[in-house]
1. Consider only pairs whose beta carbons are under 7 Å apart and that are at least six residues apart or on different chains; among these, list those whose first residue lies in the stretch 81-95 and is touching a residue at least 60 places away in the same chain (Cβ under 8 Å) and whose second residue is of a type outside the set (Gly, Ala, Ser) and surrounded by fewer than 19 Cβ atoms within 10 Å (Cβ to Cβ).
2. Scan the stretch 1-16 residue by residue and report those that are among the small types (Gly, Ala, Ser) and either farther than 12 Å from Thr57 by Cα or buried (at least 20 other Cβ atoms within 10 Å of the Cβ) (or both).
3. Which one of the conditions (1) more than 13 Å from the chain's Cα centre (by Cα); (2) surrounded by 14 or more Cβ atoms within 10 Å (Cβ to Cβ) does Ser73 fail to meet, given that it meets all the rest?
4. In the stretch 22-43, how many are surrounded by 16 or more Cβ atoms within 10 Å (Cβ to Cβ) and either assigned to a helix (DSSP H, G or I) or of a type in the set (Gly, Ala, Ser) (or both)?
5. Condition first: surrounded by fewer than 13 Cβ atoms within 10 Å (Cβ to Cβ) and outside any helix (DSSP H, G or I). Now tell me which residues in the stretch 89-120 satisfy that.
6. List every residue pair whose Cβ atoms sit under 9 Å apart, with the two residues 6 or more apart in sequence or on different chains, where the first one lies in the stretch 32-47 and is closer than 16 Å to Tyr16 by Cα and the second, anywhere, is of a type in the set (S, T, N, Q) and surrounded by 12 or more Cβ atoms within 10 Å (Cβ to Cβ).
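No lab work stands behind these numbers, since they all come straight from the coordinates. Not measured: the values here are computed from a predicted model. FYI the Cβ positions are ideal-geometry reconstructions off the backbone, even for glycines, and counts take in every protein chain you see.
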Amino acid sequence: MNYRASRLMSAATAGYGVYALLRPAHLADAMQADADQRASYDTLARAYGVRDLAISTVAILGPGAGVRAAMRSRIAGDLVDCATLTIRAGDGKVRAKVMAVTLGWAALNVAALRWDESRA
């Protein structure tokens, strides 16, 4: 099995990982963070970047078992990100945006993995 959809989603996730490392302020901007919160969001964005690049590398280059494990890790990460960022979001619109992005990305990853597994 080649896991094309999972590898494609992982490539997109790797792209976000690079973006998060190059422009960590994007997360604080999206969260509409106060000046005193921005440094912690920058740190979190960098952590997301490293995590996403590591998981994506396994999914893109690894064997089938590695792809499955990486995709499950990615999905779990999206759900944890949703909980973490939703709790921190002060504004209802920001909270809704966080939920849409994180749960939407988790759903796309679930769909890719299921698609690939259904082709086995």
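1. As it stands, the answer is Val94/Gln32, since those pairs meet every condition given.
2. We begin by selecting, within the stretch 1-16, every residue among the small types (Gly, Ala, Ser); these are 5-6, 10-12, 14-15.
Passing the criteria: Ala5, Ser6, Ser10.
3. (1)
4. 7
5. Matches in the stretch 89-120: Gly90, Asp91, Arg119, Ala120.
6. Pairs found: Leu44/Thr84.
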